[in-house]
1. Rank these by accessible area, largest first, 1.4 Å probe: Val64, Val114, Val55.
2. Compute, for Ile93, the solvent-accessible surface of its heavy atoms (probe 1.4 Å) with the complete set of protein chains present, and express it in square angstrom to the nearest 10.
3. Which residues among the stretch 29-71 fall inside the zone where the amide N is under 16 Å from a point 7 Å beyond the Cα of Arg83, along Cα→Cβ?
4. Place a point 7 Å from Cα of Leu96 in the direction of its Cβ. Which residues in the stretch 67-83 have their backbone N less than 20 Å from it?
5. Excluding ligands and nucleic acids, what accessible area in Å² is computed for Phe50 using a 1.4 Å probe, to the nearest 10?
6. Quick one: Debye curve from the C-alpha atoms of the stretch 35-80, no solvent, what's log10 I(q)/I(0) at q = 0.19 Å⁻¹?
7. Given a Förster radius of 45 Å and the C-beta distance between Gln104 and Asn54 as r, what FRET efficiency does 1/(1 + (r/R0)^6) yield to the nearest 0.05?
Amino acid sequence: MRETAGRKQGAVSPCAACKLLRRRCAQDCIFAPYFPADEPQKFANVHKVFGASNVNKMLQELAVHQRSDAVSSMVYEANARVRDPVYGCVGAISSLQQQIDVLQTQLALAQAEVVHMRMLQVASMSADNASPSSKLIAPHTKSLFGIDMVVDQANMGESLWSC
């Protein structure tokens, strides 16, 4: 038998939507390509959140090539709403944004530490190459993020990033 939209022609197996709604699945069922019989929970969640009638209307208003993306979005939102009825996917986005903020803070601290190490390296190299009279000038110390940072003002004109 030839397959059409994920179903065999003449087969009596209804799609997940028609099975849940307890109706006969027509050959041109709008739900069949997107809610196969072997994934009943997919449509159950979408139906619970959006309602079958609303999903049907949304799919009919879209061009055929846009329907798959729309169904994917509805399934994602429905699953998020089932997990978190109050915030849905906004809660997931908020959680990810908080993770980004934490990681950006960690990155800034790591970058500050790299700058600190480079400055120590420059200070160490300049102390090794300095004349005895310049060694008498004490370097200034600043605290940055709980890290003691030694700044050699005599060599501040040099780039910290050049090796």
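1. The most accessible residue leads, giving Val64, Val114, Val55.
2. The accessible area comes out at roughly 110 Å².
3. Counting only backbone N, you get 42, 45-46.
4. In the stretch 67-83, the label zone of Leu96 (backbone N under 20 Å from the point 7 Å along Cα→Cβ) covers 68-83.
5. 60 Å²
6. Per q value, in the given order, log10 I(q)/I(0) is -0.54.
7. Approximately 0.70, to the nearest 0.05.
The values are calculated or read from the model by the stated rules, or taken from the named source; none is laboratory data. What you see is a predicted model, and the numbers here were worked out from it, not measured in a lab. Neighbour counts are summed over all protein chains in view; Cβ atoms, including those assigned to glycine, are modelled from backbone coordinates with ideal geometry. All accessible areas refer to the heavy atoms of the entire protein, side chains included, with ligands and DNA or RNA removed. Shrake-Rupley method; radii C 1.70, N 1.55, O 1.52, S 1.80 Å.
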